[in-house]
Amino acid sequence: MLVRYLSQIGRYFLMLAEIFRKPTKWSVMRSLIFKEIDDLIIDSLGIVAFISFFVGGVVAIQTALNLTNPLIPKYLIGFATRQSIILEFAPTFISIIMAGKMGSFITSSIGTMRVTEQIDALEVMGVNSLNYLVFPKLIALLLYPFVIGIAMFLGISGGFIASVYGGFGNSTDFISGLQMEFIPFHITYAFIKTFVFALILATIPSFHGYYMKGGALEVGKASTVSFVWTSVTIILVNYILTQLLLT
Amino acid sequence: MIEVKNVEKSFGDAKVLKGITTTFETGKTNLIIGQSGSGKTVLLKSLLGIHTPDKGTIAFDGRIYTELSDADKRELRTEIGMVFQGSALFDSMTVEENVGFPLKMFTTKSAAEIKERVNFVINRVNLQNANLKKPSELSGGMQKRVAIARAIVNNPKYLFCDEPNSGLDPKTAIVIDNLIQEITKEYNITTVINTHDMNSVMEIGEKIVFLKEGILAWEGSKKEIFKTDNEAVVDFVYSSNLFKKIRKAQNKEDE
Ligand SMILES: Nc1ncnc2c1ncn2[C@@H]1O[C@H](COP(=O)(O)OP(=O)(O)OP(=O)(O)O)[C@@H](O)[C@H]1O
Ligand SMILES: [Mg+2]
């Protein structure tokens, strides 16, 4: 069991090295990258915006409802909303959702190419299929921090709107809470996490699709397994990075 | 001409190819036949370089694959066309893009030159008005034609087909077989076809290699296969009653 996991992990790192060997012609690669940006980044914006806005609102309302003591200042609503969205909600929570959305898309599209011999066809022609399939995804996901940036902005906006228009506090309080004890390194920390999560989101689902065996049914199973491993890895890496960067 | 010498291949403890020696001739349709599990696909994939043989050599007109430099291997790969069992068309691309793919990847041709060549081969496989369709909108037989067009677009010297007519009705199967044979003659290609379809054997079997449990048990032409006394071949070829009757009739005719 353990040996199997270790050999899988070994194979994963060998795959990473292979992605950068024998690159595909630039004119072809360029259009692949644009396609991946469209499929992975642009296509995710809607759901990310929707979730961030409303979860941001809920975070603000819940904080407000818990501040029943009149001695606690109202600007804490803005402060708590900012902290939870920037530190955890936007980078980590959204990435777990993306492990489901982008991840299952990546695993099933590469897995389908595997079972229908399209990957063999690429190899026979002399194309490095890992470079052809995974490299453009990696590059497209360099834009992933923008997605998370949007999530942060909309999450806080949602919090602002919910707290001001929900009658939990006025806008001056909320904004002064947003500005309170602002530590710039928290933003750096959040984006370092985001960047690492982007690499995980591009490569782990690709690995599960590329090395799958079987037929159409197994493509579905591989997507599920891939989601589990991608999210477990994100959670673990989140813990390790937090320990390393914030303590 | 592809010369196969003493090729052995094992997976773990299972010896799949047990020393195959044969030649596949230029300008001919060479068939590999044999029961399911006899090693046909493994032999074909060894020719393609997807599997590396444990022993023995494979020479493409004198060039021994395993001894080539990486650059020469890549060069040789561009001379190879392959038709996969399930066609293996890229389903995110149109017919035109599929067929033009090898040109776009491996030549310096301009877009206009690519388009011209693509249209030429699409016409050659008798597929009109399908240029902008996606593979999912085509029938199995049409997909096979696109796969053949993609395999020949870059003027290959060697063409490999893994069960090119499996899953097709007998009539379409023969059309596809004949198309492959015509193209082989027209461009003097070394074509190797993996099949267990006896119709193909009778239609286009110019050189037949019969595999049995990883051993080359017999080789010859379609004329010879009906006369051989080799028990394994007779057993395989005449496994159905229909063919047994044909054999009787054929032998009578010859007397
Ligand atoms: N990648 C592999 N790993 C391990 N064993 C393999 C592999 N590929 C093929 N084999 C084994 O090699 C033997 C021959 O398989 P092969 O696919 O060549 O048969 P085949 O003649 O093409 O059969 P079919 O007509 O069903 O396609 C089988 O016993 C198979 O289990
Ligand atoms: Mg086979």
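The values are calculated or read from the model by the stated rules, or taken from the named source; none is laboratory data. Fair warning: this is a prediction, and the values are worked out from it, not measured in the lab. All Cβ positions, glycine included, derive from the backbone under ideal geometry; neighbour counts span all protein chains shown. Calculation scope for accessible area: heavy atoms of the full protein, side chains included, ligands and nucleic acids excluded. Shrake-Rupley method; radii C 1.70, N 1.55, O 1.52, S 1.80 Å.
Annotations for the structure displayed:
- Interface size B-A, as summed buried accessible area [1.4 Å probe, Å², nearest 100]: 1700
- Residues in the range B:202-216 that a label on residue B:35 would reach, taking backbone N under 17 Å of a point 7 Å out along Cα→Cβ: B:210-216
- Relative to the longest principal axis of the Cα atoms of chain A, the long axis of helix A:26-36 makes an angle of roughly 50 degrees.
- Put simply, the convex hull of the Cα atoms in the range B:11-108 casts, on average, a shadow of 8.7 nm².
- For chain A, radius of gyration divided by Kirkwood radius, i.e. Rg to Rh on alpha-carbons: 1.07
- Rolling a 1.4 Å probe over the protein heavy atoms leaves residue A:242 with an accessible area of roughly 40 Å².
- Total formal charge among the other residues, if their Cβ is under 10 angstrom from that of residue B:138, Lys/Arg +1 and Asp/Glu -1: +3
- Alpha-carbon centroid distance for the pair the range B:137-194 / the range A:136-174, whole angstrom: 56
- At R0 = 41 Å, FRET efficiency that the Cβ-Cβ distance of residue B:244 and residue B:215 yields, to 0.05: 0.95
- Accessible-area ranking of A:182, B:101, B:236, A:146, largest first, probe 1.4 Å: A:146, A:182, B:236, B:101
- Area accessible to solvent at residue B:136, 1.4 Å probe radius, in Å²: 100
- In units of the rule-of-thumb radius 2.2 N^0.38 Å, the protein assembly as shown shows an alpha carbon radius of gyration of 1.28.
- Per residue of A:124-134, other chain Cβ atoms within 10 Å of the residue Cβ number 4 on average.
- The modelled label-to-label distance between residue B:25 and residue B:93, using points 7 Å beyond Cα along the C-beta direction, is 3.5 nm.
- The amide H of residue B:68, built 1.01 Å from its N in the peptide plane, has no neighbour under 5 Å, considering only residues 5 or more places off or on other chains.
- Under 12 Å, Cβ to Cβ, from residue A:239 - net charge with Lys/Arg +1 and Asp/Glu -1: 0
- Computed [θ] at 222 nm, deg cm²/dmol, the protein assembly as shown (DSSP H ≥ 4; -39,500 (n - 2.57); rounded to nearest 500): -19500 deg cm²/dmol
- Rounded to the nearest 10 degrees, the inclination of helix A:2-19 to the longest alpha-carbon principal axis of chain A is 80 degrees.
- Residues B:235, A:38, ordered by accessible area of protein heavy atoms at a 1.4 angstrom probe radius and largest first, appear as B:235, A:38.
- Rel. contact order, % - alpha carbon contacts under 8 angstrom, at least six apart, the range A:24-246: 37
- Between residue A:31 and residue B:50, the C-beta separation translates, for a Förster distance of 25 Å, into a calculated FRET efficiency of about 0.40.
- The charge dipole of the protein assembly as shown, taken about its Cα centre with unit charges on the Cβ atoms of Lys, Arg (+1), Asp and Glu (-1) only, comes to about 220 debye.
- 3J(HN,Hα) along the range B:159-166: 10, 10, 10, 9, 6, x, 10, 5 Hz, from the Karplus curve 6.51 cos²θ - 1.76 cosθ + 1.60 with θ = phi - 60°, whole Hz, x for Gly and Pro.
- Degrees separating the helix A:144-165 axis from the principal Cα axis of chain A, which is the longest one: 30
- Local electrostatic count, residue B:33, Cβ distance below 12 Å [Lys/Arg +1, Asp/Glu -1]: +1
- Measuring r between the beta carbons of residue B:119 and residue B:186 and using R0 = 22 Å, the FRET efficiency lands at 0.80.
- Distance between modelled label sites at residue B:10 and residue B:69, nm, 7 Å Cα→Cβ extension: 3.5
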